[in-house]
1. Considering only region 46-95, state which residues are buried (at least 17 other Cβ atoms within 10 Å of the Cβ) and in a loop (DSSP other than H, G, I, E, B).
2. What are the residues in region 293-317 that are surrounded by fewer than 18 Cβ atoms within 10 Å (Cβ to Cβ) and in a helix (DSSP H, G or I), if any?
3. When the residues of region 1-57 are narrowed to those that are small (Gly, Ala, Ser) and more than 19 Å from the chain's Cα centre (by Cα), which ends up farthest from Arg327 (Cα to Cα)?
4. Sort out for me the strands (runs of 3 or more DSSP E) sitting completely within region 110-211 that have 2 or more residues that are more than 24 Å from Arg264 (Cα to Cα) and among the hydrophobic types (A, V, I, L, M, F, W, C).
5. Do you know which of the residues in region 118-167 that are on the phi > 0 side of the Ramachandran plot and touching a residue at least 60 places away in the same chain (Cβ under 8 Å) is surrounded by the most Cβ atoms within 10 Å (Cβ to Cβ)?
6. So, in region 261-286, of the ones that are at pLDDT 95 or above and in a strand (DSSP E or B), which residue ends up farthest from Trp213 (Cα to Cα)?
7. Any chance you could count how many residues in region 48-71 are touching a Pro at 6+ places or on another chain (Cβ under 6 Å) and among the small types (Gly, Ala, Ser)?
Amino acid sequence: MSNRIGVVGAGIAGLATAIGLQRRGHDVTVVEQRTDTSSGAGISIWPNALAALDRLGLGDEVRAAGGRITAGAARWYDGSWLRRPAAERMVRALGEPLVVVQRSVLRDILADALAAGSLHYGLAATDVTMVGDGVALQLSDDTVSTFDAVVGADGIHSVLARHLNGPLRRRYVGYTAWRGIATYALDPDLAGETMGPGIETGHVPMGPDLTYWFATERVPEGQRAPEGELAYLQAKFAHWCEPIPSMLAATAPADVLRDDLYDRGPARHWARGPIVLVGDAAHPMRPHLGQGGCQGLEDAAILAEFVDQAPDLPTAFARFVAFRRPRVAPLVRESAWFGKVVNARPGFLSAAASRATGLIPETLLMRHLATIAAGSAFVLPAAGAPR
């Protein structure tokens, strides 16, 4: 039976969820508060998320759109190796390379896969009301839309999450993040991370001539560099090993984004009746494992499976939550722990912990990484099992 389903939020999780539901015959409308569709930075799509995209019919298109990482290295800021992995180690451990794609490119691939007329920018959900067996959304244009069910994919500040849980406290995690895209051909052997005391940087290829990079540093909330963010970073990293200085020199000031990082505990309630949460609305995650968007893609593919098989939408949503919590909860905890370690103060504590990661045996590290991000880590409900 076709249902009319509203999706609040057109980020990665929202768009992918809408695709999964539409391709199973449901009438889906997506509303998104933002109107800015600028290029943004990059995003890592690990093999678990590529497997989810395969389920949505878009995996190969995303693979073709970005750069690939087959090894992944870690160095100290003086150029010494913390981990110099063997070639193709990612492929052996995870089943295929990690793909890095510009967020705007991924967004366009997802948006283009939706039925024409189903995506509406500049519309926010301002209130939620239960109406009989359905849900009424009050929208920012003073209209009300009624649906058989609503998916909250509206991020860490989710209106739907607050409707299900009451107030949800957001907190500054203590460090800020810069992200940018350089017109720079990165040596594949250097793709990965370069670390220093209390500072983390990452740099990965996003195609043959582009490099996506990020950096984090513990600073007070709300700061901005008077001389400009790029100039600040160039001074901060002037004496670091390559590729950091050259990569920053090949970045346009306008292509540098700075965002203080905020956290919020996972929502206690992900679903109630005909309302369900996906992505950051349900389980916000710090960026250190590269799994925030990837878990949103897993949510999307798996939710569509449950909706396809369950006798009604509330049952599908409840089964989705029971299935997904055990997968997501440890990833949220591990990502938060890693962020605390690499941004610890005083700096010598962070330095000691970061350098100690190089002592972890490669086989153990890759085995653990496979449980998080291998293609086989994306698991659908077993055929014939209660869904």
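1. Trp46, Leu58, Ala65, Gly66, Thr70, Ala71, Gly72, Tyr77, Pro85, Gly95, listed by residue number.
2. Asp308, Gln309, Pro314, Thr315
3. That would be Ser2.
4. Output list reads 125-131, 134-139, 144-147, 171-182.
5. Restricting to residues being on the phi > 0 side of the Ramachandran plot and touching a residue at least 60 places away in the same chain (Cβ under 8 Å), the top hit is Gly155.
6. The qualifying residue farthest from Trp213 (Cα to Cα) is Arg272.
7. Residues in region 48-71 being touching a Pro at 6+ places or on another chain (Cβ under 6 Å) and among the small types (Gly, Ala, Ser): 2 in total.
Here is a yes/no grid of residues against (1) farther than 27 Å from Glu221 by Cα; (2) modelled with pLDDT under 95:
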{"residue": "Phe147", "(1), (2)": "yes, no"}
{"residue": "Ala153", "(1), (2)": "no, no"}
{"residue": "Pro167", "(1), (2)": "no, yes"}
{"residue": "Tyr184", "(1), (2)": "yes, no"}
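The values are calculated or read from the model by the stated rules, or taken from the named source; none is laboratory data. Note that the structure is predicted; figures quoted are calculated from it, not measured. Glycine gets a Cβ as well: all are built from the backbone with ideal geometry, and neighbour counts include every protein chain shown.
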